[in-house]
Each structure stands twice: as C-alpha cells, then as structure tokens.
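Below is one structure, written out as structure tokens, with a few remarks after it.
The values are calculated or read from the model by the stated rules, or taken from the named source; none is laboratory data. Predicted model only: the values in this text are computed from it and were never measured. Please note: Cβ atoms are built from the backbone with ideal geometry, for glycine as well, and neighbour counts cover all protein chains shown. Protein only, heavy atoms only, side chains kept; ligands, DNA and RNA dropped before computing areas. Shrake-Rupley method; radii C 1.70, N 1.55, O 1.52, S 1.80 Å.
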Amino acid sequence: MMGKRQNLIFRARGNASGQIRYSVPEEMKQGSLIGNVAHDLGLDAQRLRSGRARIVTRQSIQYTELKTDKGILVVNERIDREKLCGDVTPCSFSFEVILENPMELHRITVEITDINDNSPTFRNADIKFEISESVAVGSRFLLDTAEDADVGDNGLQKYILSPNEIFDLKQHSSPDGRKYAEMILLKPLDRETEPRLSLKLIAVDGGNPLRSGTVNVHVTVLDANDNPPIFNKPFYRATVSENAVKGTLITTVNASDADVGSNGLVTYRFAKMTPEIADIFKLDEVSGSITLKGQIDYEKEKKYELTIEAVDQGGLTDSNKVLIEVTDINDNAPVINVMSFSSPVPENSPLGTTVAIINVIDADSDQNGQITCAIDQVLPFKIKSTITNYYALLTDSYLDREVISEYNITVRASDFGLPSLSNMTILRLKISDVNDNNPLFKETSYVAQIMENNSPGTSIFSVMAHDRDWNQNARVSYFLEETRINGNPSSAYVSINSETGVIYAVRSFDYEQIKQLEFVVRAQDGGSPPLSSNVTV
C-alpha cells in the first residue's frame with residue numbers, strides 16, 4: 001500500500017530544495033512502498049542516479065531505503081510507532097535526500113499512523129484495599145491505571161467495574177489526558193456481614209476490534225477508622241531545573257486526617273511508581289517532601305507525573321497528582337555537520353554559487369536551541385538558511401585566483417542561550433584557475449644589435465613574457481607573426497625558440513644591404529581558448 005503524500009517543492013538561485021510528507025501505518029512489511037520520490041519531486045530516476053542521490057538521517061535505524069533505479073521510497077526496517085514515538089502524536093520522522101551535480105537538498109517527512117496492536121495492561125494482577133467499615137458513603141478509592149502503548153482511538157478509552165451493589169466507578173482524565181478511575185462507595189460497609197469483596201476492573205480501548213485488560217480488585221473490610229486523609233490541594237505542580245543537584249527540594253505534599261491518635265497519623269507513599277522514576281525522586285513518608293534523588297535531563301524527559309497516596313493507620317487513603325516540569329538550561333552547544341562541500345571552485349564562478357551544505361542542530365529547546373550561523377571573517381562568501389537546520393555557503397562576490405588562491409572559511413554556529421554556546425568548523429576552499437590573463441612582455445618594444453657578417457644560427461637576444469594564470473594556462477609559447485622585411489617574410493631573416501623566446505639569425509647580414517630589421521613576436525598561453533599579446537622587435 002502506497003503512503004499518502006503531500007509535497008511542497010521550491011527552487012532558489014544556486015541550489016534546489018523541496019519537502020514531501022508521506023503518511024503510512026506502522027508495522028508495514030519490509031519493501032512496502034512509501035511513495036514515488038522521483039515523481040513527487042518532479043525528477044526522473046535517471047536524475048537520482050546521476051546525482052548520486054542518498055539519504056541522510058539522524059536516526060540510528062535506517063527505516064527507509066531509496067531505490068534510485070525506480071525513484072521510489074520503500075520500508076527498510078520494521079517501524080513500531082510505540083517504540084519510535086511512545087505516546088507522542090502525531091508520530092513522524094524526517095530525513096534529507098541530497099543530490100549532486102548540481103546540488104539539491106530535499107526533506108522527506110514520514111508520518112507513522114497507529115494501528116491497534118497493543119491491549120491495555122495493568123502493572124499488577126491484583127489490587128488490594130483494606131477499608132474501614134466506618135468509612136463514609138461517597139468515599140473514593142483510586143484504582144491502578146492501565147497502560148496502552150497505542151494512541152488516539154486505539155488507546156485506552158474507559159474502565160468497566162464488574163456489577164455490584166457496594167461500589168460505583170467514576171472515571172477521570174488527568175491534565176495530560178491520561179484516564180484513571182476511582183471506586184465510589186455507594187452504601188455503608190459491614191464487616192460482620194461481608195468482610196471481603198472480590199471485583200474485576202476491565203480497561204477497554206477504542207480500536208476495531210476492541211482490546212481489553214483485566215485486574216482483580218480485592219477489598220478487605222476493617223473496623224474503626226472512619227475518617228480518611230484529605231490532601232490540602234486538588235493538584236500539585238512544581239518545576240525543577242535540569243541542572244539541579246541531588247537533594248534539591250522540589251515540593252511538599254500535605255494531607256490532614258480528622259481522626260485522633262494512631263488513626264489520624266498520616267504517612268505518604270508513591271503509587272504506581274516505575275523503577276526508573278523511583279531512581280529519580282525521593283518521597284519522605286513522614287513530611288511529604290519530594291526531593292531529587294537522581295539526575296534529570298530536559299532533552300530526555302520534559303515532565304513527570306507522580307501519584308502520591310496519603311495513608312492513615314487504619315488503611316484509609318487519599319491520592320493526588322504531582323506534575324513536575326523540567327526547565328531547560330543551555331547545556332548543549334550547536335553541532336555542525338558538513339553534508340556536502342565542493343573544492344576547488346573555478347575563479348569565474350557566478351555569484352550565488354553553492355559551495356557547501358551545512359546541517360546544524362542543537363539539542364536544547366526554545367531560545368537555547370535557536371541557532372544563528374555566520375562566517376567569522378570578512379570573505380567573499382555568505383551563509384544562507386535553506387530549510388530547517390540547514391544552511392548553504394554561497395559565493396557573495398567574484399573570485400580571483402591570482403589574488404587569493406585558497407580560503408580558510410570559519411563557519412560558526414551559536415545559540416541564543418544566556419550565556420550563548422557555539423561551535424565552529426573550518427572549510428579549506430581552493431580556487432581553481434581559468435584562463436583570464438594574457439601573457440605580458442616585460443617591455444613594450446625591444447631593440448637589439450648584431451654585427452654584420454654574422455654566422456647563420458647566431459643567437460641575437462631573447463624576449464620573455466609572464467602569465468599570471470596557473471599551470472597550462474600560464475605556459476607561454478613564442479611565435480613570429482607573419483610580417484615582411486624588404487618584401488621577404490620575416491622568417492627568412494630570423495627564427496625564435498617557441499619555448500625560450502631566444503631569437504636567432506637565419507642568415508648572415510650585410511650592413512650595406514640592410515641596416516635594420518623590424519618584426520613582431522607573439523606570446524601565447526596554453527589555455528583553451530588561448531590568450532596572447534604581441535611586441536615589436
């Protein structure tokens with residue numbers, strides 16, 4: 001089944017960029033088609049092959065594969081939405097496709113939709129209550145919550161309590177949307193008549209077909225204690241910085257009990273606490289203070305929801321929620337990744353030529369994770385933002401290899417945190433030569449003398465021209481231009497070494513017949529096309 005897609009393509013001078021979004025269900029088989037990338041980007045498969053198209057991803061698992069021969073994107077690894085995103089929705093991951101010659105950068109986002117492949121489950125097989133027979137009608141008893149890894153309609157929807165005449169079920173939703181339930185006492189308990197009750201609590205999701213999980217509820221009826229503890233707030237909220245040290249006081253919960261003596265003595269405990277969270281927070285059972293026990297990291301977990309129970313000596317309880325929000329500090333510097341870099345570049349490159357594509361990411365959030373990218377020095381280049389977290393290094397003025405043949409470009413990425421954190425990378429860019437300089441003679445004209453009756457082949461003198469270009473473009477050769485002397489071609493009187501510029505007499509000269517020779521020498525470089533200049537001798 002091909003994924004649904006929506007795409008946005010845009011092109012800018014010097015490079016091309018685009019974005020495509022596909023939507024596919026989780027658990028698709030390996031090789032399943034996600035989308036026709038070539039068609040959706042307006043490209044053909046030949047362009048993908050010639051541009052050496054490749055996927056760049058920050059995921060440790062390569063969930064997708066680009067079939068460049070067909071221009072399609074397929075599933076490469078099993079995608080488990082719950083493993084990939086947990087309870088975050090919508091769930092998606094993004095990666096980039098880079099092509100070369102010319103450079104193009106495209107972002108592809110794949111949204112993973114949920115299927116109902118998980119049943120609601122309870123952590124324990126049994127829930128046990130010890131309740132005094134004197135507890136008031138209307139008293140509430142918090143039940144263990146079920147966990148369902150699915151989301152939306154496939155997630156946990158409701159609880160059902162087995163039919164009975166003693167307890168009713170009331171369902172609630174916490175601030176983050178989680179559903180939990182309480183048993184409400186409908187009529188007074190009588191230990192002498194019924195000392196124990198056994199019920200079943202069923203958690204049901206909304207998938208098609210429905211999935212459910214069950215836990216046994218055991219109630220033991222006690223004597224005497226007839227007032228439960230009551231928290232002084234309906235809900236507790238606290239914040240803690242991610243760099244807080246162990247032992248930091250986060251908040252204190254408090255519950256009071258109208259009873260006296262041992263029945264009014266309240267202690268506190270965590271309810272439904274996972275081992276991971278138990279390693280992070282500590283609850284003082286007497287004072288109700290919650291302190292930091294382990295280390296927290298905003299980039300890993302932004303908030304924690306704890307359930308606290310207040311218990312008196314008769315077994316009566318009240319429960320409350322504590323939402324602890326972690327605040328971010330600027331503890332991550334931007335990370336620079338050079339995704340593509342072209343060196344050397346010709347000195348006649350037009351303005352706006354893309355030299356490099358750079359990816360910069362910062363694990364922090366808000367302004368601590370906002371990035372600016374710039375060049376440290378004043379150079380003929382500029383940084384331009386393309387798509388999120390990507391920057392292009394472009395030429396900003398004309399280059400001249402004869403003036404500067406190599407640049408060390410320092411690219412610095414800085415965040416907006418206080419204090420700001422930054423990182424840098426140095427790109428060593430070489431400028432390649434083009435044939436843009438003529439050979440130049442040292443003199444505007446040359447004058448030389450030779451005694452008559454010379455021997456043929458005598459060296460008269462030499463000319464020399466210099467070319468500021470490089471390599472073949474600077475290799476100078478010398479030639480006689482076709483001029484005439486006394487009606488004869490100049491080559492009948494002199495010759496020139498094409499490599500050294502040395503001029504030789506072809507014949508013996510007679511002063512009484514010819515007193516002066518004037519001819520033109522051409523210096524020509526090895527460029528394509530060649531450039532030249534002339535001088536009179």
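Below, the figures for the structure above:
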{"item": "Strands (runs of 3 or more DSSP E) wholly inside region 289-391 that include at least 2 residues being touching a Lys or Arg at 6+ places or on another chain (Cβ under 6 Å)", "result": "289-292, 303-312, 317-327"}
{"item": "Close pairs from region 91-118: first over 19 Å from residue 19 (Cβ atoms), partner open to solvent by 30 Å² or more (accessible area, probe 1.4 Å) and among the acidic types (Asp, Glu), Cβ under 8 Å, at least 6 apart", "result": "115/27; 117/27"}
{"item": "Those residues of region 491-537 which are within 30 Å of residue 435 (Cβ to Cβ) and in contact with a Lys or Arg (Cβ under 7 Å, 6 or more places away or on another chain), in sequence order", "result": "525, 526, 532, 534"}
{"item": "Spans of strands (runs of 3 or more DSSP E) in region 82-144 with at least 3 residues open to solvent by less than 30 Å² (accessible area, probe 1.4 Å)", "result": "91-99, 104-113, 126-132"}
{"item": "Any hit, region 345-353, residues being in contact (Cβ under 8 Å) with a residue 12 or more places away in the chain, farther than 30 Å from residue 101 by Cα and either in contact with an Asp or Glu (Cβ under 6 Å, 6 or more places away or on another chain) or open to solvent by 50 Å² or more (accessible area, probe 1.4 Å) (or both)", "result": "no"}
{"item": "Residues satisfying the stated conditions in region 302-331, i.e. modelled with pLDDT under 90, open to solvent by 20 Å² or more (accessible area, probe 1.4 Å) and in contact with a strand residue (DSSP E or B) (Cβ under 7 Å, 6 or more places away or on another chain)", "result": "315"}
{"item": "Checking residue 535 against (1) in a strand (DSSP E or B); (2) open to solvent by 40 Å² or more (accessible area, probe 1.4 Å), the condition it does not meet", "result": "(2)"}
{"item": "Given (1) of a type outside the set (Gly, Ala, Ser); (2) open to solvent by less than 60 Å² (accessible area, probe 1.4 Å); (3) outside any helix (DSSP H, G or I), number of the condition residue 277 does not satisfy", "result": "(3)"}
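Okay, residues lined up against (1) without any contact (Cβ under 8 Å) to a residue 12 or more places away in the chain; (2) surrounded by fewer than 16 Cβ atoms within 10 Å (Cβ to Cβ); (3) in contact with a Cys (Cβ under 9 Å, 6 or more places away or on another chain):
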position	(1), (2), (3)
451	yes, yes, no
469	no, no, no
472	no, yes, no
476	no, no, no
492	no, yes, no
496	no, no, no
501	no, no, no
505	no, no, no
519	no, no, no
